[in-house]
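Down below is the structure, laid out as structure tokens.
The values are calculated or read from the model by the stated rules, or taken from the named source; none is laboratory data. Because the structure is a prediction, the values reported are computed rather than measured. Heads up, the Cβs are rebuilt from the backbone with ideal geometry, glycines too, and the neighbour counts pull from every protein chain shown. Accessible surface is based on the protein model in full, side chains and every heavy atom, while ligands, DNA and RNA are left aside. Shrake-Rupley method; radii C 1.70, N 1.55, O 1.52, S 1.80 Å.
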Amino acid sequence: MSIDKTTEPPQPPRPPEPVALTKEDARPADRSPRKDHGDRKGSGTRGEGQVLNAFSHGLLVLWAVMVVLPLLWAVMTSFKDDRSIFGSPWSLPDRLHLDNWSRAWTEAHMGEYFLNTVLVVGGSLIGTLVLGSMAAYVLARFDFPGNRFIYFLFIGGMSFPIMLALVPLFYVVNNMGLLNTIHGLILVYIAYSLPFTVFFLTAFFRTLPTSVAEAAFVDGASHSRTFFRIMLPMAKPGLVSVGIFNFLGQWNQYMLPTVLNTDPDKRVLTQGLVQLAVSQGYKGDWSGLFAGLVMAMLPVLAAYVVFQRQVVQGLTAGAVK
């Protein structure tokens, strides 16, 4: 007897039931690279930067000590007597020997030399800034035939050694009747300082905006009025910077006055210091020699300390437009 078996059709597979996702599961997987290597690299860079900063600061401190220590020692020695200078050169003076300064100012004629230097440097500095700024403004603002040729002539004057010009310069000044005169030395200083002044101020005038000068021309201002009333005040940082550099170079100038100024009554400070060193060396008056040295050094230090910010501003103001 057969048994009837009913066969049921196959059922399709059920789809998987959806699973509720939490916020943590819904976040995308973090596929960013591991930061261990980057952290090590950043820490290594910071370490190298700290080492470089420490090295650079160490060099600056060493340089400051090398520059400041001799200056302080010279000032300290100028207030000592001769016995203390040789007996205890690094100790402080027992008292302030101000007679060293009075002796150097009167007996060594440092007062006369100081006055002559102020006259020469003051006159040459004013003339250099006025003539140099005018020439630099024309070369920077106006295009004319020979502009670049004249500019490169000034550049060539910077590279010309002054030693090669001493003999012909002596004969030229002598033929003009300007030998052993204050105004003759002023003219020579101006000619000596003009190349660097024109080179420096030409680059500075090129960075100044032209719209202000064009507006002045529209209002009817002449070229000279525009230059002296508008452009020259705008170039004040550059003028201060190049003025400080020229002051330092002219104040410490020794070769030119030695050749062109042989009159003992019209010597400048550098000539007086050399004469003081020779005479006081034989006399053994070392305290007076250091007092005269500090007298010649103080105006330069004072000028740089007073105009230090203007010098930095002038050097950086013409770097970008």
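Looking only at the range 50-107, count every residue that is in contact with a Gly (Cβ under 6 Å, 6 or more places away or on another chain) and hydrophobic (A, V, I, L, M, F, W, C) and tell me the total.
2
Kindly establish whether Gly122 is in a helix (DSSP H, G or I), surrounded by 12 or more Cβ atoms within 10 Å (Cβ to Cβ) and touching a helix residue (DSSP H, G or I) at 6+ places or on another chain (Cβ under 6 Å). Don't jump to the end; show me each part of the working.
Numbers: in a helix (DSSP H, G or I): yes; surrounded by 12 or more Cβ atoms within 10 Å (Cβ to Cβ): yes; touching a helix residue (DSSP H, G or I) at 6+ places or on another chain (Cβ under 6 Å): no.
Here the answer is no, as Gly122 does not meet what is asked.
Note down all Cβ pairs under 9 Å where the first residue falls in the range 223-237 and is at positive phi, the second is in a helix (DSSP H, G or I) and among the hydroxyl-bearing types (Ser, Thr, Tyr), and they're at least six residues apart or on different chains.
Hits for this filter: zero, empty list.
Please name all residue pairs, on different chains or six or more residues apart, with Cβ atoms under 7 Å, provided the first residue is in the range 104-120 and is closer than 15 Å to His183 by Cα and the second residue is surrounded by fewer than 18 Cβ atoms within 10 Å (Cβ to Cβ).
Asn116/Ile182; Leu119/Ile182; Val120/Ile182
Can you find even one residue in the range 88-96 that is touching a residue at least 24 places away in the same chain (Cβ under 8 Å), open to solvent by 70 Å² or more (accessible area, probe 1.4 Å) and hydrophobic (A, V, I, L, M, F, W, C)? Spell out how you get there, then give the answer.
Filtering the range 88-96 down to residues touching a residue at least 24 places away in the same chain (Cβ under 8 Å) leaves none.
Scanning the range 88-96, I find no residue that is touching a residue at least 24 places away in the same chain (Cβ under 8 Å), open to solvent by 70 Å² or more (accessible area, probe 1.4 Å) and hydrophobic (A, V, I, L, M, F, W, C), so the answer is no.
May I ask you to list the residues in the range 225-254 that are within 14 Å of Leu208 (Cα to Cα), of a type in the set (A, V, I, L, M, F, W, C) and in a helix (DSSP H, G or I)? Working first, answer last.
At the first step, the residues of the range 225-254 found to be within 14 Å of Leu208 (Cα to Cα) are 226-227, 230-239.
So of that shortlist, the ones also of a type in the set (A, V, I, L, M, F, W, C) come out as 227, 230-232, 234-235, 239.
Correct list: Phe227, Ile230, Met231, Leu232, Met234, Leu239.
Only one residue in Val212, Val198 is assigned to a helix (DSSP H, G or I) and either under 30 Å from Asp263 (Cβ atoms) or at pLDDT 90 or above (or both). Which one?
Val198
Take the residues in the range 206-222 that are touching a residue at least 40 places away in the same chain (Cβ under 8 Å) and polar (S, T, N, Q); name whichever of them is least open to solvent (accessible area, probe 1.4 Å). Steps first, please.
Keep residues of the range 206-222 that are touching a residue at least 40 places away in the same chain (Cβ under 8 Å), which gives 206-207, 210, 213.
Those left that are additionally polar (S, T, N, Q): 207, 210.
Working: Thr207: 33, Thr210: 70 Å².
Among residues in the range 206-222 that are touching a residue at least 40 places away in the same chain (Cβ under 8 Å) and polar (S, T, N, Q), the one least open to solvent (accessible area, probe 1.4 Å) is Thr207.
Would it be correct to say that Val188 is out of contact with any Pro (no Cβ under 6 Å at 6 or more places or on another chain) and modelled with pLDDT of 90 or more?
Here the answer is yes, as Val188 does meet what is asked.
Suppose we keep only residues that are at pLDDT 85 or above and hydrophobic (A, V, I, L, M, F, W, C) within the range 265-288. Which one would you say is surrounded by the fewest Cβ atoms within 10 Å (Cβ to Cβ)?
For the range 265-288, the residue satisfying everything is Val274.
Which one is farthest from the chain's Cα centre (by Cα) among residues in the range 180-202 that are of a type outside the set (Ser, Thr, Tyr) and open to solvent by 50 Å² or more (accessible area, probe 1.4 Å)?
Among those residues, the one meeting the criterion is His183.
Criterion first (of a type in the set (S, T, N, Q), at pLDDT below 90 and assigned to a helix (DSSP H, G or I)) does Ser84 satisfy it?
Here the answer is yes, as Ser84 does meet what is asked.
Quick check on the range 294-321: of everything there that is small (Gly, Ala, Ser), open to solvent by less than 30 Å² (accessible area, probe 1.4 Å) and at pLDDT 70 or above, which residue is farthest from the chain's Cα centre (by Cα)?
Among those residues, the one meeting the criterion is Ala296.
Any residue at all in the range 247-270 that is within 23 Å of Phe152 (Cβ to Cβ) and of a type in the set (Phe, Trp, Tyr)?
Checked against the condition, which is being within 23 Å of Phe152 (Cβ to Cβ) and of a type in the set (Phe, Trp, Tyr), the range 247-270 yields no hits at all.
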